[in-house]
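Shown next, in structure tokens, is the structure this report addresses.
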């Protein structure tokens, strides 16, 4: 097992950001997938996160993962471009008054087209439709280099930063 030094950034939004982000292209649809199957979820999770060493869900057993993604308060939204899955957002609404953006990303073929900025704004608006007191996430130096700037430009502010060693 290889260990690497990683900086983790914790960001939050305490009020909705009201920025307008134009759709970068036609035929964008976000589909809510209630209780996705474990193979479907893992397929999208791995397609989006494999280049960034996503581990949290990969290390979970199928049974444990099914319990999390089967909870109606854990929302799974898939971005489609002209009918093709392009990325997803997973929001955890299980804690009162707050929502965590647990996973967010695009598949490699869809990066660099302005979709991340648009999809993040869609996700922000969806989260604030539940009227939480706080919407938060964490990202790290293993994620795509545009992730942290995208979150900051969307209105998230840094509330904690830590250096850790973690496995790849």
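The values are calculated or read from the model by the stated rules, or taken from the named source; none is laboratory data. Quick caveat: nothing in here was measured; it's all calculated off a predicted structure. Cβ coordinates were reconstructed from backbone atoms using ideal geometry, including for glycine residues, and neighbour counts include every protein chain displayed.
Okay, residues lined up against (1) at pLDDT 95 or above; (2) touching a helix residue (DSSP H, G or I) at 6+ places or on another chain (Cβ under 8 Å):
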{"residue": "35", "(1), (2)": "no, yes"}
{"residue": "46", "(1), (2)": "yes, no"}
{"residue": "50", "(1), (2)": "no, no"}
{"residue": "62", "(1), (2)": "yes, yes"}
{"residue": "70", "(1), (2)": "yes, no"}
{"residue": "78", "(1), (2)": "yes, yes"}
Positions within the range 1-14 being assigned to a strand (DSSP E or B) and either touching a helix residue (DSSP H, G or I) at 6+ places or on another chain (Cβ under 9 Å) or loosely packed, with under 13 Cβ neighbours inside 10 Å (or both), in sequence order: 3, 4, 5, 9, 11, 13
Exclusive hit being in contact with a strand residue (DSSP E or B) (Cβ under 7 Å, 6 or more places away or on another chain) and modelled with pLDDT under 95, set 137, 168: 168
Residue count, the range 135-168 (criterion: assigned to a loop (DSSP other than H, G, I, E, B) and within 18 Å of the chain's Cα centre (by Cα)): 9
Candidates 95, 113, 121, 103, filtered to the one that is more than 19 Å from residue 17 (Cα to Cα) and under 13 Å from the mean Cα position of the chain (by Cα): 103
Odd one out for residue 64, checked against (1) more than 21 Å from residue 53 (Cβ to Cβ); (2) in a helix (DSSP H, G or I): (1)
Residue tally, condition part of a loop (DSSP other than H, G, I, E, B) and within 19 Å of residue 124 (Cα to Cα), over the range 15-47: 12
Counted residues, the range 91-107 - those being in contact with a helix residue (DSSP H, G or I) (Cβ under 6 Å, 6 or more places away or on another chain) and outside any strand (DSSP E or B): 1
Subset tally (residues that are surrounded by fewer than 16 Cβ atoms within 10 Å (Cβ to Cβ) and under 22 Å from residue 106 (Cβ atoms)) for the range 40-67: 9
Failed condition for residue 84, given (1) touching a residue at least 12 places away in the same chain (Cβ under 8 Å); (2) more than 23 Å from residue 168 (Cα to Cα): (1)
Subset tally (residues that are surrounded by 15 or more Cβ atoms within 10 Å (Cβ to Cβ) and either closer than 18 Å to residue 156 by Cβ or touching a residue at least 40 places away in the same chain (Cβ under 8 Å) (or both)) for the range 107-140: 22
Residues of the range 75-84 classified as over 16 Å from residue 23 (Cα atoms) and buried (at least 19 other Cβ atoms within 10 Å of the Cβ), total: 2
